[in-house]
Every structure is written in C-alpha cells, then in structure tokens.
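Peer 1: Submitted below is the structure of interest, expressed as structure tokens.
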Amino acid sequence: MRKKITVSDIISIYEISKWRKMDISFIEAGTGQGKSYFVINTLYEFAKSNNKKILFLINRSSSYEQFLYEIMTQCKKDIIDIATYQKLEYMSLFQKIDYDMTKYDYIVCDEFHYFLNDATFNDRTDIAFEQIMKQRNAVKIFMSATGENMERYIKENIKLYVNTEGITIKNYNLPINYDFIKKLSFFYKDETYEELIEQFIKDGTKAIFFMQNLEKACDLYKKYKAFCLFNCSKKEKKYYRHVNEKKIKKMLEEEKFEELILITTPCMDSGVNIKDINLKNIVVSIYDLDTLIQCIGRKRSVDYLDIINLYVRCLDNCTLGGIQIETINKLERLEYLKKHTDEEYIDKYPRSSGFDRAIYDNYRKNKNSIGKEINPLIEFKYKLILKEVGIIKSYRELGYGKFAYIKYLSDKFKINNYVLFEDEKKEAKIQEYFHKMEGEPIDKEERKNLIEVCNKKDSFGRKYASIGKLNKYLLENNFGYEIKAKIIKNKTYWIIVKR
C-alpha cells in the first residue's frame with residue numbers, strides 16, 4: 001500500500017526557513033493529512049531551534065481542549081501558545097484591548113474557513129481576522145481542508161488590511177479524496193433519523209449524527225438516551241444541560257466515545273478527532289457544504305479498511321428557492337446602504353436591525369457619531385451562498401429535477417454510486433413482499449396490498465394498479481419479478497413469478 005503523503009512531507013524545515021515576516025502560507029489538505037501534526041512537530045522543532053514562538057489559533061472550544069491536552073502531554077507549551085478566535089473577538093469588544101500577538105513569529109490560523117463559515121451566525125469573525133492580518137512581525141499560516149473560499153477572499157481583499165509590499169504568498173496543497181466513504185446515501189424525511197438510529201442499535205454499529213437543528217437533535221437524544229451521548233455549544237444553555245461534560249472530555253482525550261451513538265451540533269465540525277474502527281456511520285443534516293465536509297472529517301481512518309457509510313439530509317428545491325430569495329434580499333439591502341445615507345436606509349428598512357447581521361452600528365473615526373457599516377466577510381459569504389444555489393439549480397435544468405442537490409453533492413465527493421435511503425427501504429419492502437408471495441394466487445383483496453407496497457405513482461399522483469404498469473416499474477428497477485394473470489376456477493388471480 002502506498003504511503004500517504006502528509007503536510008510535513010511537502011513543507012520541510014528548509015522550506016520553513018525561507019518564510020519571512022508578513023509572508024502568508026496557505027495549507028490546503030484533507031482531514032487526517034497532518035496539518036496539526038506539522039505545527040506541533042515540524043514547525044515546533046524549527047521554532048525551538050531558532051528561538052521563535054508560535055501562536056496556534058483554534059475555532060472551537062472542543063478543539064482547543066483536545067490540542068491543549070496534546071501540547072501539554074508532549075511538553076511543548078514552551079514554544080506554542082493556544083487561543084481561540086472567540087477570545088480575540090471578546091477581548092476587543094468587551095475588554096477594549098487587543099490580544100497581544102507581537103511576541104509571536106508564527107501565527108497559525110487553524111480551520112481558517114471559520115472566518116467565512118461562521119460569519120452568518122457569528123458577526124464578530126471579522127474582528128479576529130482583521131487583528132491577525134494587521135500583524136507585521138509574524139508569518140501567517142492559514143490551514144483548512146475547506147479554505148478555498150476564504151483564501152480567495154484574502155487574495156482579493158488583502159490591501160484592505162495591510163500594505164502588500166514585500167509579502168510573499170505561498171500555497172501548499174494536498175489532494176483531498178473521499179475513498180473512506182464506503183456507501184453514500186441521501187434522505188429527505190425527518191422520520192429517517194429514528195429509522196437510522198434503530199437500525200444502528202439493531203446492528204450494534206457506532207454512529208455520529210451532526211445536526212443543524214438543535215431542538216431536533218436534543219429530542220432525538222432524549223428518545224434514545226440509553227444509547228446516546230449528546231454534545232452542543234455551551235452558549236446553548238437550554239440544551240447544554242443535557243451534555244455530560246466528563247464524557248465529552250474523555251471523548252476528546254481518548255478520541256473515541258463509549259456510547260453507540262453521538263448526537264452533536266456543528267460545534268464539533270472541526271479540529272476534533274475520532275479514531276475508532278467501530279465507528280461505521282456518519283449522518284449529516286447540515287446545509288453548508290464546507291461545514292458538511294468538515295463534519296465527516298471528524299472520523300480519522302486507522303487504515304484503508306476503516307471506512308464509513310455516509311447519510312446526508314437533502315435540500316429540496318423548495319428550500320433552495322427560499323435560501324436564494326432570502327440571500328438576494330439581504331444583498332439588495334447591502335447594495336442600498338452602499339449607495340444611500342444611513343437615514344435613507346432606515347427610512348426604507350425601518351426597525352430591521354435584527355434582520356441582517358451583515359449591517360451593524362459602529363463609531364465613526366472621531367467617535368463623535370455612530371453610523372452603519374457592512375461586514376465584508378458576511379457580504380462575501382452571501383455571494384458565495386447565492387453562487388452555490390445557482391450551481392445546484394443548474395443541475396435541475398440539466399434534467400436532474402428534484403435530485404439536483406444529490407447530484408451536486410455526489411459530484412463534489414466524486415462518488416457516482418449513491419442511493420436514496422427512502423427508496424432503498426421501499427425496495428427492500430417490495431423484495432420482501434414479492435419473495436413471500438411468489439407463486440401464491442393473489443385475489444382482488446390482496447392486490448390492494450401489492451399495489452400499496454409498490455406505491456408507484458404517475459404524474460397525476462395516481463398509484464399504478466394494472467399489471468402492465470406494475471411490470472414496467474418492476475422491470476425498470478431490476479426487481480427480478482413480474483406479475484402474471486392466471487384463471488383459477490373461473491376467477492382471475494395475479495401470480496408473482498421470477499423474471
């Protein structure tokens with residue numbers, strides 16, 4: 001088996017020695033390809049040998065705990081300091097001081113997609129980002145498996161933050177593959193969550209559920225509490241009382257959980273590692289593609305045989321349309337504010353301060369007045385959302401119809417073979433029924449059950465009820481059976497036979 005290439009293989013000590021103050025290095029590599037290892041080992045060794053300091057910035061408190069534990073156990077706190085982006089934001093907003101980054105030679109921004117992806121629900125990400133970009137004494141290292149959009153933002157807007165003279169930007173990329181996905185399934189219905197949990201309990205296989213809807217996640221946990229571990233952000237006080245902190249801490253330290261099923265929000269979408277060959281299933285109900293990719297990357301394969309079944313909740317065309325309309329409205333507001341005064345904006349959109357996080361009130365430069373400003377990261381994110389929805393809808397125009405989102409995601413993962421969970425379940429039910437009834441005379445009353453089991457409808461919503469239509473459906477879907485009519489004692493019966 002060919003050795004897996006890691007970040008430390010493509011960024012050597014010699015390569016690090018060529019980096020200069022204010023240079024920017026982008027490291028794009030998939031989960032499990034050694035980004036954190038590079039910082040904690042390769043970069044650490046160079047920094048220690050050259051009397052330099054590293055600031056390692058993290059996007060999640062759970063990741064912070066895991067990396068702090070790793071650095072403390074390896075006795076590397078002498079060179080590496082760790083902080084969260086949220087700490088930088090809090091200090092600036094509420095303590096009115098900036099985090100002192102002047103003593104560091106390397107500022108490592110782990111999972112730097114955070115600045116964009118979290119911007120739609122955390123309108124402070126621009127504060128941390130601006131502070132980092134204005135540091136003139138350090139090399140800035142931006143790492144992520146999904147940092148393409150934020151990298152583009154930085155390259156297009158770098159002059160807004162710093163004088164670019166003398167700055168060298170370098171890119172280090174490792175190809176990302178999804179070979180660890182054994183089976184890709186999609187689903188639409190809420191009840192599928194429970195069906196999957198019951199299936200995993202029956203099979204005795206471990207699973208992680210990543211869910212955007214916190215209320216739904218908590219309800220699911222409470223119903224199957226005997227088999228589950230629950231996790232969410234501490235900010236969600238109503239739900240955090242269901243979090244067993246000791247068990248979560250143990251999970252972060254041991255990189256595995258004892259329960260059969262972990263139900264978590266995107267608070268665990270990055271930085272956290274789960275190394276457990278018994279974890280066979282990941283269920284994701286999260287709309288943002290980058291966050292979805294980060295979530296499935298929490299599973300770290302031990303070897304090439306350590307693979308997963310991935311189940312993804314689908315976005316239907318109606319939901320996509322709603323996202324598109326809402327995003328267009330938000331961008332229209334931003335454009336209006338750019339071209340008009342604050343007073344004109346308030347007149348057009350009265351009492352709408354809570355509608356859009358992209359617009360906020362801030363002091364003018366002299367602090368004698370307050371005016372409205374636009375968060376550029378959130379605006380950029382809106383444009384990305386609109387572009388992505390447009391791409392998904394283009395699949396619909398190519399003939400994929402209601403399966404546009406499914407085809408879009410399967411192309412992203414480069415996986416051609418995928419199934420719709422509800423269809424697969426239905427097919428299993430049909431196979432079970434036809435196997436049981438094979439060769440048995442089916443009278444008019446039992447035909448109703450057969451028609452109900454097949455549950456195939458035409459464009460008008462009418463169920464297939466004739467032998468011709470039902471046989472066409474069975475043939476097109478390779479069920480291996482057909483229905484024949486047979487007269488027995490002057491009565492017509494249907495008989496199921498192998499094709």
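Peer 1: Residues that are of a type in the set (A, V, I, L, M), touching a residue at least 60 places away in the same chain (Cβ under 8 Å) and surrounded by 11 or more Cβ atoms within 10 Å (Cβ to Cβ): which strands (runs of 3 or more DSSP E) entirely in the range 396-499 hold 2 or more of them?
Peer 2: Filter on the range 396-499 gives 418-420.
Peer 1: Going through M143, M150 one at a time, which residue ends up being assigned by the TED database to the domain that holds M101, crowded, with 16+ Cβ neighbours inside 10 Å, without any contact (Cβ under 8 Å) to a residue 60 or more places away in the chain and closer than 26 Å to Y99 by Cα?
Peer 2: Exactly one residue qualifies, and that residue is M150.
Peer 1: When only residues in the range 214-233 that are over 13 Å from T264 (Cβ atoms) and either among the polar types (S, T, N, Q) or in contact with a helix residue (DSSP H, G or I) (Cβ under 7 Å, 6 or more places away or on another chain) (or both) count, which is surrounded by the fewest Cβ atoms within 10 Å (Cβ to Cβ)?
Peer 2: Looking at the filtered set, the residue picked out is F227.
The values are calculated or read from the model by the stated rules, or taken from the named source; none is laboratory data. All of these numbers come straight from a predicted model, not from anything done at the bench. Cβ atoms come from the backbone with ideal geometry, glycine included; neighbour counts cover every protein chain shown.
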